[in-house]
Amino acid sequence: MATRKKYIAGNWKMNKLTAEAVSLAEEIVEGAKEAKCKVMIAPPFVALSEVKKIVKGTNVILGAQNMANEKSGAHTGEVSIDMLKDVGVSVVIIGHSERRILYGETDALINSKILLAIKEKMNVIFCVGETLEEREAGKAFEVVTNQVINGLKDVTEKELSFVTIAYEPVWAIGTGKTATEKDADDVHKIIRELLEKLYSKELAQKMVIQYGGSVKPENAGALLAMENIDGALVGGASLKAEQFLAIINSVK
Ligand code: 13P
């Protein structure tokens, strides 16, 4: 079995003013020096350039929470990939359920963003996950399968080296409800099997698949111990250095 390096990412969502973002980043940089895993933080757009000054030259990677699917031009309110690169971003979260549900992002739009990111050599955390309604209707596997197929349309095996997948069941985000380790691992396994079918066994074994949804210091160890769970995309608990660092340090 391939050894996949664990990857812990913090999605700060629409939280933290610049000064707060800077001090949180400082604490994370300090506390993550000996991290055994890959560490990323994704502050709000307007704090990116100041946070970059803090993470520069450290083992903490700078991420963004979204980007436009076009390179430039008349797209009021959007942020381009070149703008992200300009401030030192090297990974972008694409297809988060809040973008899908609150802002109407479709699989096709998400796919176009992923294709652009790859073309421009930007790393991607590609989010998928079912709603509670879909889970209760027994459709979790089907929904996630379709999101993966549609989101990765026209992405080649080689290009997948830019992509990390994050499974985030919508019903577990910000609710305090976590999928059991087994429920999460089952979906991760489905994703890995799908990648094997779409690409190859080698690729499927290499793919880092994060879990997201109420990940906390108390449950991180058990989740990360599962065979197919290779990291976490953390929301609420990434806003407190102590909690985020405890999650990072649960990777031995
Ligand atoms: P919470 O950890 O707050 O549930 O958020 C998860 C998430 O959406 C990360 O992208």
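Taking a 29 Å limit on the Cα-Cα distance, which of the listed pairs 13/201; 36/201; 38/85; 16/119 fall beyond it? If you can, show how the numbers build up before the last one.
Working: 13/201 34 Å; 36/201 26 Å; 38/85 20 Å; 16/119 31 Å.
Result: 13/201; 16/119 exceed 29 Å.
For residue 121, list the aspartates and glutamates whose Cα falls under 16 Å from its own Cα; do not include residues on the same chain fewer than 8 positions away.
Straight-line reach from residue 121, under 16 Å: 70, 82, 86, 154, 157, 159.
Multiplying the sequence separation of residue 76 and residue 15 by 0.36 nm and subtracting their Cα-Cα distance, what value in nm do you get?
Once the chain is fully extended between residue 76 and residue 15, it gains 19.8 nm.
Run a plain Debye calculation on the range 199-240 (Cα atoms as equal point scatterers, no solvent) and give log10 I(q)/I(0) at q = 0.15, 0.16, 0.19 Å⁻¹, rounded to two decimals, same order as the q list.
Cα-only, vacuum Debye calculation for the range 199-240: -0.41, -0.46, -0.59.
Sum up the charges of everything whose Cβ sits under 10 Å from the Cβ of residue 243, counting Lys and Arg as +1 and Asp and Glu as -1, but leave residue 243 out. Kindly include the intermediate steps, with their values, before the conclusion.
Numbers: positive: 216, 240; negative: 218, 242.
Charge balance near residue 243 sits at 0.
Per q in 0.20, 0.23 Å⁻¹, report the Debye log10 I(q)/I(0) for the range 147-252, using one uniform scatterer on each alpha carbon and no solvent.
-1.00, -1.20
List, largest first, the extents of the alpha carbons of the range 1-94 along their principal axes, each in whole Å.
44, 39, 22
Would you mind calculating the gained length between residue 198 and residue 183 on full extension (0.36 nm times residue separation, minus the Cα-Cα distance), in nm to one decimal?
3.1 nm
For the chain, what does the helix formula give at 222 nm: sum of -39500 (n - 2.57) over DSSP H segments with n ≥ 4, over the residue count, nearest 500 deg cm²/dmol?
The helix-only estimate for the chain comes to -12000 deg cm²/dmol at 222 nm.
Out of 32, 19, 237, any idea which swings most in a Gaussian network model of the chain, alpha carbons joined below 10 Å?
19
Which aspartates and glutamates have a Cα less than 13 Å from the Cα of residue 182, not counting those fewer than 8 places away in the same chain?
227
Rounded to the nearest angstrom and ordered from largest down, what semi-axes does the equivalent ellipsoid of the range 116-164 get from its C-alpha gyration tensor (root of 5λ)?
That gives 26, 10, 7 Å for the three semi-axes.
Counting other beta carbons within 10 Å of each residue's own, what order do 34, 70 fall into, fewest first?
Arranged by neighbour count, lowest to highest, 34, 70 become 34, 70.
Averaged over all directions, how much area does the convex hull of the C-alpha atoms of the range 75-123 cover when projected, in nm²? Show your work: numbers first, answer last.
Details: hull surface 14.4 nm².
For the range 75-123, the mean projected area of the Cα convex hull comes to 3.6 nm².
Roughly how many debye, to the nearest 20, is the charge dipole of the chain about its Cα centre, given +1 on each Lys and Arg Cβ, -1 on each Asp and Glu Cβ, and no other charges?
My answer is approximately 640 debye.
Distance from a point 7 Å along Cα→Cβ of residue 252 to each backbone N in the range 219-243: keep the residues under 19 Å and list them by number.
219-232
Quick check: pseudo-label points 7 Å beyond the Cα along Cα→Cβ at residue 132 and residue 240, how many nm apart are they?
A separation of 2.3 nm, rounded to one decimal place.
Test of understanding: ordering 85, 177 by Cβ neighbours within 10 Å, fewest first, what list do you get?
Going from least to most buried by this count: 177, 85.
How much length is gained if the chain between residue 119 and residue 87 is pulled fully straight, taking 0.36 nm per residue apart and subtracting their Cα-Cα distance, in nm to one decimal?
9.7 nm
By the gyration tensor of its Cα atoms, with a ≥ b ≥ c the square roots of the eigenvalues, what is the shape of the range 69-214: rounded for a/c under 1.5, prolate for a/b over b/c, or oblate? Could you put the intermediate results ahead of the total?
Numbers: a/c = 1.91, a/b = 1.33, b/c = 1.43.
The shape class here is oblate.
May I ask you to list the aspartates and glutamates whose Cα is less than 13 Å away from that of residue 158, ignoring any residue fewer than eight positions away on the same chain?
Within reach: 202.
Based on C-alpha coordinates, I'd like the Rg and Dmax of the chain, in Å.
Values for the chain (Cα only, Rg and Dmax): 16.8, 48 Å.
Rule-based calculations on the coordinates, nothing more; no lab input. Given the structure is predicted, the values throughout are model-derived calculations rather than measurements. When we count neighbours, we look across all protein chains shown, and the Cβ atoms used for this are built from the backbone with ideal geometry, even at glycine.
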